[in-house]
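This report refers to the structure that appears directly beneath it.
The values are calculated or read from the model by the stated rules, or taken from the named source; none is laboratory data. Source: prediction; values computed, not measured. No Cβ is skipped: glycine too gets one built from the backbone with ideal geometry, and neighbour counts run over all protein chains shown.
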Amino acid sequence: MSSALPSTASATAARRRWWGLIVLAVAQLMLLLDTTVVNVALAPIQHDLAFSHVGLSWVVNGYTLPFGGLLLLGGRIADALGRRRVFLAGLALFAVASAIGGVAVTPAMLVISRVLQGVGGALVAPAALSLVTVLFTEPAERARALSTWGVLRGLGAALGAVLGGVLVTYLSWRWVFFVNLPIAVVAFVCAPALVSESRSPRRGRPDIAGAVLATVGLTLIVYGLLAAAGRWAAVVGVVLVLAFGWWQSKASNPLVPLGFLLSRRRAIGNLVLLTFSAAMGVLFFTMALYVQQVAGLNALYSGLSFLPIGPLFMLTGWLTARLIPRIGQRAVMVLGLLLLTAAFVMFAGVDVGGSSVRDVLIGMLLFPLGAGFAVISGMIASVDGTTGADAGTASGINNTSQQIGMALGLATLVAVGDAHTRSLLSAGADSAHAAAGGYALSFAVTAGVMAFTTLVAAVFLPKPRLASKPTLNGGGG
């Protein structure tokens, strides 16, 4: 009987770990959903709260900018103060911010709620991933746990768009915020019972100055790109980002060790993640508006148009792991980027009387096929040669690349499309044709960005070292 007790205790501990993973993963899924669930609600939000078209982009960027800019700092704070404590604090802030967004009555109130959501997400995401790695220390179990975590990354964006369509159609756009409350409450109540507190034994002082320089600088750049009179804001933002780079070379505990990106493979991997995220931001923002405002379809159809992305992303993710050993990482990455370029070439054909099959469906099939190949090969390249000592840094940088890429790409391409729309309106075009023209140009420029990234990867990505076994430590956000 005494020999059975350790076995029973071990089984109970294993069940507790996996239930803990479920709770952490659900919280992570909430953050991923919130990146895209709002896009389908943009048209009714714009109507009800009287947002301008450019101002509407802050409903998205108000979330992604602080989320991406503060991710690395959030991870350092969690290591120092306690990962479970920071996870719960971030979850509470995210829930309160979601409630504020749901009852917002002015554009400023909604954007402020999104900024607070982004800050909460920047605390939750790195703390949650750290807790997963502490829960699962045995290599085989950790691999399975992180595989589950990785699947959520592919499903989150597509599920967010579909869920947003259902909520907006049958309830109200306010429910894309209210839906976070029960998820956050369940995670907040269950986490203390299933996840133990942990801290890093290496507790350097968090680089708060670096986080402030990076986040404020990027925010000013995005504001400068979107605001008609924001040129000086963009200039100040660039100066602050350059100051961030200088500070990282001087700080005793930098957020981004500059030597880390001297590896050409890691730099190109992060470039691929950044430009892909910019493209994804443009797709989810612009296509949702096109389907509802130009094609004249409802929010449910808009959400369902994104449905192919999740399953096809999972399929190509599965294929990528089998193709890389056979044809090489560079070939898989270039194939993915070419498919993404082709998808945006198709999207660039959108027009008032366009074909939904030609302009939307074909692109929606090509996009996830390219995304799976490009994103997973990009993630592998971005952590090339890392060890246990710097795997967390690699994970934080590639997740930051994705969040910042979405914010900067969306700001740049929204500005390009909006300028073209205003030009068409002043030339006498009606609102539908002017909007379609602006959306088409945004997609065309995005296709050009993806083509440039394809060229860089094809020419400059070095062949992998035969002995290299990159460590994947997928992050949140």
Next item on the list: Kindly check whether there is at least one residue in the range 62-72 that is more than 21 Å from Phe284 (Cβ to Cβ) and surrounded by 23 or more Cβ atoms within 10 Å (Cβ to Cβ).
Entry: yes
Note to self: With outside the structural domain of Leu42 (by TED's automatic domain parsing), within 28 Å of Asp430 (Cα to Cα) and either at pLDDT 85 or above or surrounded by fewer than 17 Cβ atoms within 10 Å (Cβ to Cβ) (or both) as the only criterion, which of Val345, Val332 stands out?
What the structure shows: Val345
Margin query: Among the residues of the range 189-209, what is the count of those that are at pLDDT 80 or above and under 13 Å from Arg83 (Cβ atoms)?
Written below: 2
Note to self: Go through (1) touching a Lys or Arg at 6+ places or on another chain (Cβ under 9 Å); (2) modelled with pLDDT under 80; (3) not polar (S, T, N, Q) for Leu218 and report which single condition fails.
What the structure shows: (1)
Next item on the list: Kindly list the number of the only condition in (1) surrounded by fewer than 24 Cβ atoms within 10 Å (Cβ to Cβ); (2) farther than 23 Å from Ala127 by Cα; (3) at pLDDT 80 or above that fails for Val38.
Entry: (1)
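Restricting to the range 323-356, name every residue that is among the basic types (Lys, Arg) and either under 25 Å from Leu159 (Cβ atoms) or touching a Leu at 6+ places or on another chain (Cβ under 9 Å) (or both).
Listed by number, the list holds a single entry, Arg330.
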Margin query: Just to be sure I understand, how many residues within the range 230-247 are touching a helix residue (DSSP H, G or I) at 6+ places or on another chain (Cβ under 6 Å) and in contact (Cβ under 8 Å) with a residue 12 or more places away in the chain?
Written below: 9
Checklist line | Matching residues in the range 414-432 - criterion: being more than 21 Å from Ala447 (Cβ to Cβ) and in contact (Cβ under 8 Å) with a residue 40 or more places away in the chain | finding: Ala432
Next item on the list: Test Phe306 against the stated conditions and say whether it is within 20 Å of the chain's Cα centre (by Cα), under 19 Å from Val37 (Cβ atoms) and touching a residue at least 12 places away in the same chain (Cβ under 8 Å).
Entry: yes
Item checked: Those residues of the range 248-267 which are hydrophobic (A, V, I, L, M, F, W, C) and in contact (Cβ under 8 Å) with a residue 12 or more places away in the chain, in sequence order -> Ala251, Leu255, Val256, Leu258, Phe260, Leu261
Next item on the list: For the range 59-78, indicate whether the set of residues that are without any contact (Cβ under 8 Å) to a residue 12 or more places away in the chain and in a helix (DSSP H, G or I) is non-empty.
Entry: no
Next item on the list: Of all residues in the range 268-301, count the ones that are more than 20 Å from the chain's Cα centre (by Cα) and touching a residue at least 60 places away in the same chain (Cβ under 8 Å).
Entry: 10
